[in-house]
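Read the structure below first, then the notes.
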Amino acid sequence: MKYTLTPGWTVVQTATRIVLSSEETELRIRLDKNVTAAMRKLLAGWAPNEVPELEPLRAELARRGILRPRAIAPIPEQERQIEYWRAFTDDAVGAVSNVCSSTVAIVGVGGIGAVVLQHLVGAGVRQFRLLDADDVELSNLNRQFIYGQSSVGSQKVDAARAYVIDRVPAANVSVLAASWDPNSSQQRSFVSQGVDFVVAAIDKPTIESAIAILQVSWSAQVPSILATVGLHRSLVSPVFSPELSPKAPRDVFPAAQFRNSGQPFQASHGPTNTFPAAIAADQILHHLAGLDHFVEYEKALIIRRTPDGAPRATRVDTVQL
């Protein structure tokens, strides 16, 4: 096995030094000899004990995460993705395998769910279950980018499946064209049995519907997340993992606070939809990859647009809507 520079690190050689730099750190290493040999190995790949006199240096750089094992992408489309995982783990191939073998259920493939779906497909997820009752409308196209003019009038789940299959012909996508009904045993099974992660991306008839999805997932021991968007405030819940989360969904979303949550508003803006959806997708993928230290399991993220127009993000223990 050869080790190469971890993504995000660069190396420069002077007469007696090697200077390693990342976005946050600079490391200057003085070598009285073998500078050129060390530089060559840093650039080409460095196997353990390949240069015995420099093995302590190689081992120390590996310990610090500056060198990580080289990883070969299983398919060309995963080349950049596997390099991303390699920046954070010595087992980048395992991270890709975890993601690609996962099944994700998305309830609601609209402004949030459609963007989450894009990111999950791009990162390697190949098995989906999609639930939504709506048809694609012209008004959706300003923010739901998996749909085009040819999709208008089609059921969203069918158009979303076509998007996934176009990107990955071997993908397995099951769909259910229905409004979420927590009392439906068919729907509860569809989103929680044989599933590795559930995305609650609906706001109809109220946000309480999305909370019910989280509760169903929690009871079924399946990790889940909620994301929603408003005019001045958006929300990304923590990842609710029965094994890793200290709080159940109802601890973060007390039921009494949703009595007057009201109907979803009709205004929409692509970037404000994309922001919470992309954060949710990021959390889902790190959880599926097994990089739990990159995942928030306890606090929700509230994104507010302040009076001066700038977005601000805050972590909170409980959510009031």
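The values are calculated or read from the model by the stated rules, or taken from the named source; none is laboratory data. Quantities reported herein were computed from a predicted structural model and do not represent experimental measurements. Methodologically, a virtual Cβ is constructed for each residue, glycine included, from the backbone with ideal geometry; neighbour enumeration extends over all protein chains shown. For accessibility, only protein heavy atoms count, side chains too; no ligands or nucleic acids. Shrake-Rupley method; radii C 1.70, N 1.55, O 1.52, S 1.80 Å.
For the chain, the Cβ-based charge dipole about the Cα centre amounts to some 560 debye (Lys, Arg positive; Asp, Glu negative; other atoms uncharged).
Of the GluC sites (Glu not before Pro) found in the range 1-96, those that fall in a DSSP loop while having at most 10 other beta-carbon atoms within 10 Å are Glu23, Glu24.
His269 sits among other residues whose Cβ lies under 12 Å from its own Cβ, and their net charge, with Lys and Arg +1 and Asp and Glu -1, is +2.
Computed about the Cα centre, the dipole magnitude for the range 28-116 is approximately 360 debye when only Lys and Arg (+1) and Asp and Glu (-1) carry charge, each at its Cβ.
For the chain, what does the relative contact order come out to in percent, with C-alpha contacts under 8 Å and a separation of six or more?
Working: 598 pairs, mean separation 44.9, N = 321.
Across the chain, relative contact order equals 14 percent.
Peptides 89-99, 290-300 ranked from most to least packed give 89-99, 290-300, packing being the mean of other C-beta atoms within 10 angstrom over each peptide's residues.
Put a dot 7 Å past the Cα of Gln266, heading toward its Cβ, do the same for Asp282, and the two dots end up 3.4 nm apart.
Please find the FRET efficiency linking Asp134 to Glu24, where r is the Cβ-Cβ separation and R0 is fixed at 56 Å, and quote it to the nearest 0.05.
0.80
Annotation: aspartates and glutamates with alpha-carbon distance below 13 angstrom to Lys247 (same-chain offsets under eight excluded): Glu296, Glu298, Asp317.
Measuring r between the beta carbons of Leu31 and Glu83 and using R0 = 30 Å, the FRET efficiency lands at 0.60. The 1.4 Å probe gives accessible areas that order Tyr147, Tyr163, largest first, as Tyr163, Tyr147.
I need the calculated FRET efficiency for the pair Glu298 and Met1, taking r as the beta carbon distance and R₀ as 30 Å, to the nearest 0.05.
Working: r = 36 Å, r/R0 = 1.21.
Calculated value: 0.25.
If I stretch the segment between Gln221 and Asn172 completely, what's the gain in nm (0.36 nm per residue apart, minus their alpha carbon distance), one decimal?
Details: separation 49, 0.36 × 49 = 17.64 nm, distance 2.26 nm.
In short, 15.4 nm is gained.
Taking the chain as a Gaussian network of alpha-carbon nodes connected by springs under 10 Å, the highest mean-square fluctuation of the residues Leu42, Leu31, Leu61 belongs to Leu31.
Computing volume of the Cα convex hull per residue in Å³ for the structure here picks out one of [x] 158; [y] 193; [z] 130, namely [x]. Only protein heavy atoms count here; under a 1.4 Å probe, Asp181 has an accessible surface of about 60 Å².
Approximating the spin labels as points 7 Å out from Cα along Cα→Cβ, the Ser189-to-Ala162 distance works out to 3.0 nm. Taking a straight Cα-Cα cut-off under 14 Å and skipping sequence neighbours fewer than 8 places away in the same chain, the aspartates and glutamates within cross-link reach of Lys2 are Glu50, Glu55, Asp90, Asp91. Charged neighbours of Arg167, selected by a Cβ distance under 12 Å, balance to 0 (K, R count +1; D, E count -1).
Per residue of the chain, what 222 nm ellipticity follows from adding -39500 (n - 2.57) for every DSSP H run with n ≥ 4, rounded to the nearest 500?
Values: 10 runs with 103 residues, N = 321.
That comes out to -9500 deg cm²/dmol.
Straight-line cross-link partners of Lys33 among the lysines, defined as a Cα under 19 Å from its Cα and at least 8 positions apart when in the same chain: Lys41.
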